[in-house]
Amino acid sequence: MPSAKLPGPIDLLGNLVSLPSVSSTQASLDQGNRAVVDTLAQWLQDLGFSIEIQDLQADGGKANLIATLGTGPGGLVLAGHTDTVPYDEALWQYDPLRITESNERLYGLGSTDMKGFFPLLLQAAQQFVDTPLQQPLIVLATADEESSMQGARALAAAGYPRARQAIIGEPTGLRPVRLHKGIMMEAIHIQGRSGHSSDPELGVNALDGLHAVLGDLIDYRQSLRERFQHPAFAVQYPTLNLGCVHGGDNPNRICGSTELHFDVRVTPGLSNALVREEIRQRIGRIAQSRNLEISMQSLIGGADSFEQAAGCELVQLAEKLTGHSSEAVAFATEASYMQQLGMDTIVLGPGSINRAHQPDEYIELDQFQPCIDLLVQFIRHFCVQA
């Protein structure tokens, strides 16, 4: 029998949801995740895990958790992020920072994306605390997946933890995912020269430059679609979305500066770095021809595309245990960073991504026991029978 006994998963999830941990590219909305990390650390320590906390800020407000049960090389990583997206409480029917059970659903911010994974992995892990492990079981809880991905990037830069397999518990409806697109979010700043609108020669209009940049990006979007295709995806080509524009201040003034924000979701085989370089070359030509200063900067660290070989042991076992073939999804995760650490990786977790990032987010209760049962089988296979 386990040497420690945790509360049930609903109580555990309620505790996690009550701890605000928004991450955002807007400093006014951004929060730390340390309360969530410390809570998880205590629960895992109670189960006998050794605990390491990796601070990401000098004040310790943002951190990663690395919890390990057992010793030795190899092993299995169960990973999730502790942060949520921002929320508008006025749009919620339920209290976003409290779990509300209704119609066999649990409502609350992060309930499905992805605080809901942690109580289930804890329920699975506690079944092995008194079992001799041949390979270690490692739990990762990261910071800022919803914004900069600095938590996963810090782990990859540090080169640990090292294991042989990793499961990232993002919401996939308990279907294994072995491919996803990458994401990058960029800002293009166009600097012209303001002046009185009665004489266009008095300035250089940044909005005219924006018109040229927009046209060029639309052409480039079509080029990406023609050059890169991946049949595993429902949308088989990279996408480029023109998101928002900020600039100018008055109708009777030549616009002196403007800024465009956009995102690109790349397919496996196309890198974020290549897309950035190609766009920089294109906007550089526009800047030179129009006497403008045009620069580009990344709004987030971004994530590379991800593809795990279909024939690896982890994918094969996941397909066998779930009864579903592995899939490709359009949303990005920390999977590419787990691969950088040398691990075969899949994305598999409870809930639906369609419930994420919106008011009245919820996770279905009927996902709980099947997820626990799956995780028990993965732990037994890779940590006990290894």
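Looking only at residues in segment 57-96 that are charged (D, E, K, R) and under 19 Å from the mean Cα position of the chain (by Cα), which one is farthest from P176 (Cα to Cα)?
The extreme case among them is K62.
Looking at this structure, is R225 farther than 30 Å from E364 by Cβ, basic (K, R) and at pLDDT 95 or above?
yes
Which residues, taken from segment 214-246, are touching a strand residue (DSSP E or B) at 6+ places or on another chain (Cβ under 6 Å) and hydrophobic (A, V, I, L, M, F, W, C)?
A232, F233, L240, L242, C244, V245, listed by residue number.
Could you grab me the full set of residues in segment 210-240 that are of a type in the set (G, A, S) and closer than 19 Å to F331 by Cβ? Spell out the reasoning first.
Going through segment 210-240, the residues of a type in the set (G, A, S) turn out to be 212, 215, 223, 232, 234.
The answer is A232, A234.
Conditions: (1) surrounded by fewer than 19 Cβ atoms within 10 Å (Cβ to Cβ); (2) within 23 Å of T25 (Cβ to Cβ). P251 meets all but one. Number of the miss?
Exception for P251: condition (2).
Can we say T39 is among the polar types (S, T, N, Q) and in contact (Cβ under 8 Å) with a residue 40 or more places away in the chain?
It is false that T39 is among the polar types (S, T, N, Q) and in contact (Cβ under 8 Å) with a residue 40 or more places away in the chain.
Would you call G74 of a type outside the set (D, E, K, R) and at pLDDT 95 or above?
no
Can you report the number of residues in segment 283-309 which are in the same structural domain as D344 (by TED's automatic domain parsing) and either of a type in the set (K, R) or part of a helix (DSSP H, G or I) (or both)?
Of the residues in that region, 0 qualify.
Checking A273 against (1) in contact (Cβ under 8 Å) with a residue 12 or more places away in the chain; (2) within 27 Å of A154 (Cβ to Cβ), which single condition isn't satisfied?
A273 satisfies all of (1) in contact (Cβ under 8 Å) with a residue 12 or more places away in the chain; (2) within 27 Å of A154 (Cβ to Cβ) except (1).
Mind checking whether some residue in segment 335-348 is among the hydroxyl-bearing types (S, T, Y) and more than 21 Å from D144 (Cβ to Cβ)? Spell out how you get there, then give the answer.
Kept after step one, since they are among the hydroxyl-bearing types (S, T, Y), are these residues of segment 335-348: 336-337, 345.
Next cut, more than 21 Å from D144 (Cβ to Cβ) only: none.
No: segment 335-348 contains no residue that is among the hydroxyl-bearing types (S, T, Y) and more than 21 Å from D144 (Cβ to Cβ).
Restricting attention to segment 261-279, does a residue exist that is surrounded by fewer than 18 Cβ atoms within 10 Å (Cβ to Cβ), among the hydrophobic types (A, V, I, L, M, F, W, C), assigned to a helix (DSSP H, G or I) and not assigned by TED's automatic domain parsing to the domain that holds R227?
Looking through segment 261-279, none of the residues is surrounded by fewer than 18 Cβ atoms within 10 Å (Cβ to Cβ), among the hydrophobic types (A, V, I, L, M, F, W, C), assigned to a helix (DSSP H, G or I) and not assigned by TED's automatic domain parsing to the domain that holds R227.
The values are calculated or read from the model by the stated rules, or taken from the named source; none is laboratory data. Computed from a predicted model, the values in this text were never measured in an experiment. Don't worry about glycine lacking a Cβ; one is built from the backbone with ideal geometry, like all the others, and counts go over all protein chains shown.
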